[in-house]
Structure formats: structure tokens, C-alpha cells
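The values are calculated or read from the model by the stated rules, or taken from the named source; none is laboratory data. In this text, all values refer to a predicted model and were calculated from it rather than measured experimentally. Note: ideal-geometry Cβ built from the backbone for every residue, glycine included; neighbour counts use all protein chains shown.
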Amino acid sequence: MKRLSAAFLLVSLIMLSACNHSNAESYTAYTTGMDTSASITVYGGGAADTDDCIKLFKELEKQLSVTDEGSAVYRLNTNGSVEASGDLQSLIDASNRFYLQTCGAFNPCIYPLVKLWGFTENKNKVPDSESISFAVQTVAGSALSVENCKAVLSDGAMVDFGGIAKGYTSEKMCAKLKENGVTAAIISLGGNIQTMGRKPNGTPWVVGINAPNGNGLVGTLALGEAAVVTSGSYIRNFTQNGKLYHHIIDPKTGYPVDNGLVSVTVVASDGVSADALATAFFVMGKEKALSVYESFGVEAVFITEDTVSVTKGLEQKFTPDESIEGVYKIELLD
Ligand code: ADP
Ligand code: MG
């Protein structure tokens, strides 16, 4: 519920900015899926275009769900292999690439740990330490590949594209809209925003970054065509004995990441990189992420309990919200 309301807040803020700054006609459609709420706003298009996007969204959800018994991912996890569609092959390639490039911080075979913590079935509990150690070994030894057009998992491995699927989906939706001749659009899949083209009135897209404490926004980013993805410990979590446990898991320890970060937003030119890297940077922690972000050609905003840190490429694009004065310090990273 918490997750959905955060997503709705973000969507409504984006819609607000779309309405406020645009003179040209826009059309917006809403849907739900992939455990979030989604909105698609198109300029120079209409219901036929947003319907195409929603169809794509539902198709990808059907293929990629870890819990739907009919999905390709479910069958892959159950049988160890499945016929790989083009989408599945692309996701496997991208996931394996980010697994290597982030030294395992992003791990597509994280599912044994996610399941153990009860995040997919909403049966949250702190697992016993033996089960965690066992799952950590499984995750570390897992391999995911494509062989003869089949997706193949090593023994005991289980995949979960939850950290990359929405970025991939928003990219595919954008490509579909371009194919349809739509010249400008903004797609929001929960914490995943993708903008396309330029708004007809020439103003930049304005994307809000939620305050992890639930009080509105920490600020906004004024951007051209970009993907903006946030991973946060406030998005999906539970509390046991007064301690908060959330859904981004360190594959090396098996526990939810606990490094002082409460959210990481990545701005990239494509949705897959933004999504995978938001998860990976959250796992790495601010210091490590800062040493590598430039090599990925992305920018980022790191938020801790009391500081909002913005990489230098976003200096001119980020406007802090006045409500954060006295709550968060702003730090420019250069
Ligand atoms: P959200 O799903 O809230 O948009 P993320 O993109 O950060 O946020 O993805 C978190 C999801 O990714 C988790 O719910 C889980 O399915 C999966 N996940 C958790 N930890 C990792 C990890 N270290 N690497 C890859 N995927 C992860
Ligand atoms: Mg992600």
C-alpha cells in the first residue's frame, strides 16, 4: 500500500507539471501492474498510442512475473530452462552485463533471498541466519545464460528481474510510441520515469524526487529525453522488533542493505541502465557508487537521513524544494 501511494504521489506531481507547463494538448492513460501504478502521457498522440503501451506493459508483466505460474520467469525458476523470447534474451544480456560491471551488486539471481525475506508474497519476516547463509551461497554460485534460444539457469538458481524490468518496459514503451509517430511523452512506472522527445512548448520535463521521509519532494529535475529511476528503502519494507527491513538486498550478506542510504536516483539515457544502476548504487553505497558512476555515463542523487547529494552533471538541473530547508542538507559532488 505504502508503495502504491508513493507511486501515486509521484505520478500526480508529474501530471501537475505536465498540465502547468504545457499549452499543447496531451493525453494521459493510467494502469496498474508490475506491483505499481503506471501513467503514460503523450503529446501529439492519443488513446490508441497509450493502449499500445498498456498492452506492452501487460504482456511484459505476464512474461516476467516471479509469482504468476504461467510466466516465462516462473517456468524458468521451476524447470531450470525456458524458451527465451527476444525480451527475455535482452533482459538476460543486460542483467549479466550489469552483474559483471557492478561486481555483483546488481544480481539478477537474487530471488532465493527475496523469497526468503518474503518480499514477493508479502509474507515478510526476518529469516534465520542459517537460511540466509545458505541462500547467499546459492545466489553467489548462480548462472543465467541463453543457450540455443533457451534461457538456462544453473542448479538451484532463481531469477528475479524486479530490479531492471520496469526500466526495460519503459524503454520498450518509448520505442513503441516513437514507432507510432508520437513526438513527446512521459511514462511513469512507479519510481521509474522515462521522458521522450521535447514538450511542444519547449520547456523541459520536470521530474520530482520523492522525499524518503514521506513529506512531498526533496526537489525536481528539469530534463530533456532521459530515464530517471529511484530505488529506495522506503518503497517496500517491514518493521520487526523496531528495525526496518527493506527490499533491496546485498547479495554478499543476504540482508537488506544498511549503509546509510535511503534512496538513490539515477539519471541515464536509457531505462535499463537507470533501473539496474539505481539498485546497484544503493547496494554499493555512496562512496563506491561515486567512484564508478562516471564510467557508466550517468548522473545520480543520493539521499541519506539528512543529506541530499547531487552529482555535478545535475547541478543546473536540480531545484531543491523549499520544504526541505532544515531537514536535508544539499551537497554537490564534484
Ligand atoms: P523497485 O522495485 O522498488 O522499483 P528496484 O529497482 O531497486 O526498486 O528493485 C528492487 C527489486 O529488485 C526487489 O524487489 C527485488 O525484486 C530485486 N532486487 C533486490 N535486491 C537486488 C539486487 N541486489 N540486485 C538485483 N535485484 C535486486
Ligand atoms: Mg532497479
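Summary of values
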{"item": "Sole exception among (1) surrounded by 13 or more Cβ atoms within 10 Å (Cβ to Cβ); (2) within 30 Å of residue 44 (Cα to Cα); (3) without any contact (Cβ under 8 Å) to a residue 40 or more places away in the chain for residue 131, by number", "result": "(2)"}
{"item": "Matching residues, the range 148-161, being under 10 Å from residue 84 (Cα atoms) and either in contact (Cβ under 8 Å) with a residue 60 or more places away in the chain or among the β-branched types (Val, Ile, Thr) (or both)", "result": "149, 150, 151, 152"}
{"item": "All positions within the range 318-332 that are closer than 26 Å to residue 297 by Cα and surrounded by fewer than 18 Cβ atoms within 10 Å (Cβ to Cβ)", "result": "319, 320, 329, 330, 331, 332"}
{"item": "Residues that are more than 16 Å from ligand 2 (Cβ to nearest atom) and either assigned to a loop (DSSP other than H, G, I, E, B) or surrounded by 24 or more Cβ atoms within 10 Å (Cβ to Cβ) (or both), drawn from the range 150-173", "result": "154, 155, 156, 157, 158, 173"}
{"item": "Of all residues in the range 75-86 being crowded, with 18+ Cβ neighbours inside 10 Å and out of contact with any helix residue (DSSP H, G or I) (no Cβ under 6 Å at 6 or more places or on another chain), the one that is nearest to residue 225 (Cα to Cα)", "result": "84"}
{"item": "Set 258, 275: member being assigned to a loop (DSSP other than H, G, I, E, B) and at negative phi", "result": "258"}
{"item": "Condition check for residue 201: within 14 Å of ligand 1 (Cβ to nearest atom), surrounded by fewer than 23 Cβ atoms within 10 Å (Cβ to Cβ), modelled with pLDDT under 95 and not β-branched (Val, Ile, Thr)", "result": "no"}
{"item": "Sole residue being farther than 26 Å from residue 136 by Cβ, free of Cβ contacts under 8 Å to residues at least 24 places away in the same chain and surrounded by 14 or more Cβ atoms within 10 Å (Cβ to Cβ), chosen from 311, 265", "result": "311"}
{"item": "Yes/no for residue 263 being in contact with a Ser or Thr (Cβ under 9 Å, 6 or more places away or on another chain), outside any helix (DSSP H, G or I) and within 20 Å of residue 96 (Cβ to Cβ)", "result": "no"}
{"item": "Odd one out for residue 97, checked against (1) over 19 Å from the mean Cα position of the chain (by Cα); (2) charged (D, E, K, R); (3) in a helix (DSSP H, G or I)", "result": "(1)"}
{"item": "Matching residues in the range 295-332 - criterion: being under 15 Å from residue 267 (Cβ atoms), assigned to a loop (DSSP other than H, G, I, E, B) and not polar (S, T, N, Q)", "result": "297, 298, 315, 317"}
{"item": "Condition broken by residue 249, with the remaining ones in (1) farther than 18 Å from residue 105 by Cβ; (2) near ligand 1 (Cβ under 9 Å from one of its atoms); (3) at pLDDT 95 or above; (4) not acidic (Asp, Glu) satisfied", "result": "(1)"}
